[in-house]
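Remarks on the structure that follows.
The values are calculated or read from the model by the stated rules, or taken from the named source; none is laboratory data. All values derive from a computational prediction rather than experimental measurement. All Cβ positions, glycine included, derive from the backbone under ideal geometry; neighbour counts span all protein chains shown.
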Amino acid sequence: MRMLALALLILASGIAAAAPPNFIFILSDDVAQGDLGCYGQELIQTPRLDELAAQGTRYLQGYCGTTVCAPSRASFMTGLHAGHCPIRGNFEVPPEGQLPLPAETVTLGEVAKSAGYATGVFGKWGMGFFDTTGSPLKQGFDRFFGYNCQRHAHSYFPTYLYADDQPVALPGNNGRNVGETYAQDLIQEDMIHWLKANGKKPFFLFYAITLPHGRHEIDDFGIYKDKPWTDTQKAYAAQVTRVDSDVGELVDTLRELGVDRNTLIVFSGDNGSSFAPDSEIGKLFKQTRNGLRGFKRGMYEGALRQAALAWWPGTVPAGRVAEGPWAFWDLMPTFVEFSGVTPPEGYRTDGHSLVSFLEGGEAPDREYFYWELHESRNFGRAARWGDWKAVMPGLGKPIEIYDLAKDSGESKNLASERTDLVERAGAIFKESHERDPNWLLDGRSEEQVRVNNEAWKIKRQRDKEGWVPPGAISIEEMRKRR
Ligand SMILES: [Ca+2]
């Protein structure tokens with residue numbers, strides 16, 4: 001009897017000692033499926049990402065939140081599709097930042113925090129400046145380093161970055177195209193420093209890498225310097241390869257810490273390629289080699305389907321190529337399931353847990369996927385149920401219907417012969433869109449457009465002046481304080 005009690009005690013303590021799994025979501029800004037070797041790229045080198053694919057699973061139908069930066073990451077962060085999410089477009093706010101996440105929104109940062117995870121976000125935030133409810137430091141994160149504002153993140157040689165909400169001056173940078181400190185170097189350094197300090201605790205790391213988003217600026221063309229390409233093409237390729245080597249360093253650090261078998265990495269892009277197939281970058285790198293139609297800001301598959309890899313040695317099957325569809329808003333319930341946490345009050349999600357899919361099973365059954373995107377002068381929507389896809393490509397445009405099973409390139413609009421499916425799409429659009437005065441169905445108000453323009457005007461003025469926020473500290477001082 002005593003032996004049994006002892007055995008149970010050992011068993012119980014053994015279970016308690018197994019640390020909850022860590023979660024790393026790496027979001028590369030504007031990277032396309034076709035940029036990665038494992039998706040067929042032939043000119044740009046991505047050996048470390050290809051290795052993640054070989055050691056993990058590569059998804060052919062991983063969908064983003066929607067097809068520009070802020071709402072796509074907000075969908076991941078809230079577990080909501082764009083019809084329910086409080087951020088449904090890039091909504092610029094002066095002087096710095098974007099429309100903030102409301103205080104009551106339950107974020108993945110908060111869910112992880114409530115489960116006792118260390119939480120860090122590095123790179124680009126875009127969901128609210130520090131003096132708003134959307135600050136990363138008020139939405140569950142212990143550490144922030146990088147660009148709070150998306151407009152600021154257009155420069156790779158900015159005059160400043162933020163360590164938490166503390167500005168750090170980068171002397172020698174002009175905020176436009178040249179300088180001494182390449183922002184990604186400092187962001188990567190801070191991320192690795194944080195990981196080494198927190199890697200033995202359970203942790204959630206959101207690594208929002210700004211590369212290869214425009215502008216195409218890099219400190220070193222590296223292996224591409226002698227290629228017979230334009231400087232923009234060389235810079236783009238070098239940016240993608242820098243994402244690859246920085247992800248490689250992250251993976252090496254997990255191995256050094258001995259936590260690689262207890263860490264799920266999901267790597268993805270936040271929206272499809274930014275380039276048309278006939279553009280300077282598109283025509284050289286042929287990012288649309290997957291045959292999908294459309295790119296960033298659109299509602300066709302080329303805009304919505306991302307490069308998507310999952311890696312968790314011993315749990316996610318190695319070398320699997322998975323067809324089943326999933327979307328960013330599934331990652332919240334996935335985390336909730338594998339961490340075993342009871343989510344805080346106010347938690348809701350449109351997603352489905354991907355745990356069994358990640359482990360080698362089938363993609364979850366669901367009624368449909370839904371997307372919307374609010375732009376300054378436009379508004380698009382899409383839905384997918386089974387293999388049917390509905391697209392409303394712009395304000396006032398009729399709904400188009402495609403059969404993805406036979407026509408993944410969305411070339412044959414079936415709307416006129418399948419009015420029943422047009423009707424079904426209309427019903428999905430209606431029930432999926434929650435009314436929100438920030439996101440009107442008939443486009444932005446004059447006042448919203450004015451605020452957006454004002455925000456850009458301030459950004460351009462600050463760039464011209466080489467503006468640095470008052471109270472900025474030096475890089476050396478930042479390193480001392482962390
Ligand atoms: Ca983006």
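The table below gives the values:
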item: Residue count, the stretch 123-134 (criterion: under 13 Å from LEU99 (Cβ atoms) and touching an Asp or Glu at 6+ places or on another chain (Cβ under 7 Å)); result: 1
item: Leading residue by the ranking (farthest from GLY258 (Cα to Cα)) among those in the stretch 184-227 that are of a type in the set (Phe, Trp, Tyr) and part of a helix (DSSP H, G or I); result: TYR224
item: Flag for ASP50 being among the charged types (D, E, K, R) and away from the ligand (no atom under 13 Å from the Cβ); result: yes
item: Selection count where residues are surrounded by 14 or more Cβ atoms within 10 Å (Cβ to Cβ) and either touching a His at 6+ places or on another chain (Cβ under 9 Å) or not assigned by TED's automatic domain parsing to the domain that holds ASP30 (or both), scope the stretch 220-237; result: 5
item: Cross-chain or 6+ apart pairs with Cβ under 6 Å, the stretch 74-85 first and within 11 Å of TYR63 (Cβ to Cβ), then part of a loop (DSSP other than H, G, I, E, B) and among the acidic types (Asp, Glu); result: HIS81/ASP350
item: Output for the stretch 117-140, where each listed residue is in contact (Cβ under 8 Å) with a residue 40 or more places away in the chain and assigned to a loop (DSSP other than H, G, I, E, B); result: TYR117, TRP125, GLY126, MET127, GLN139
item: Hits in the stretch 141-169 (condition: closer than 19 Å to ASP29 by Cα and in a loop (DSSP other than H, G, I, E, B)); result: ASN148, CYS149, GLN150, ARG151, SER155, TYR156, PHE157, PRO158
item: So THR159, is it crowded, with 21+ Cβ neighbours inside 10 Å, of a type in the set (S, T, N, Q) and within 23 Å of MET478 (Cα to Cα); result: yes
item: Matching entry among PRO277, PRO313, PRO317 (being more than 16 Å from the ligand (Cβ to nearest atom), free of Cβ contacts under 8 Å to residues at least 24 places away in the same chain, in a loop (DSSP other than H, G, I, E, B) and not charged (D, E, K, R)); result: PRO277
item: Subset of the stretch 59-75 [surrounded by 24 or more Cβ atoms within 10 Å (Cβ to Cβ) and either more than 15 Å from the ligand (Cβ to nearest atom) or not β-branched (Val, Ile, Thr) (or both)]; result: TYR59, GLY62, TYR63, CYS64, GLY65, CYS69, ALA70, PRO71, SER72, ARG73, ALA74, SER75
item: Which listed residue is modelled with pLDDT of 95 or more, surrounded by fewer than 17 Cβ atoms within 10 Å (Cβ to Cβ) and not in a loop (DSSP other than H, G, I, E, B), from GLU337, GLU367, GLU372; result: GLU337
item: Candidates ALA308, ALA363, ALA322, filtered to the one that is out of contact with any Leu (no Cβ under 6 Å at 6 or more places or on another chain) and within 16 Å of the ligand (Cβ to nearest atom); result: ALA308
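Conditions (1) of a type outside the set (Asp, Glu); (2) within 16 Å of the ligand (Cβ to nearest atom); (3) surrounded by fewer than 24 Cβ atoms within 10 Å (Cβ to Cβ), marked per residue:
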{"site": "MET77", "(1), (2), (3)": "yes, yes, no"}
{"site": "ALA82", "(1), (2), (3)": "yes, yes, no"}
{"site": "ASN90", "(1), (2), (3)": "yes, yes, yes"}
{"site": "GLY97", "(1), (2), (3)": "yes, no, no"}
{"site": "PRO102", "(1), (2), (3)": "yes, no, yes"}
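The rows are residues; the columns are (1) over 28 Å from ASN271 (Cα atoms); (2) touching a residue at least 40 places away in the same chain (Cβ under 8 Å); (3) more than 16 Å from the ligand (Cβ to nearest atom).
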site	(1), (2), (3)
LEU170	yes, yes, yes
GLY179	yes, no, yes
TYR182	no, no, yes
LEU186	no, yes, yes
PHE204	no, yes, yes
ILE209	no, yes, no
ILE223	no, yes, yes
ALA235	no, no, yes
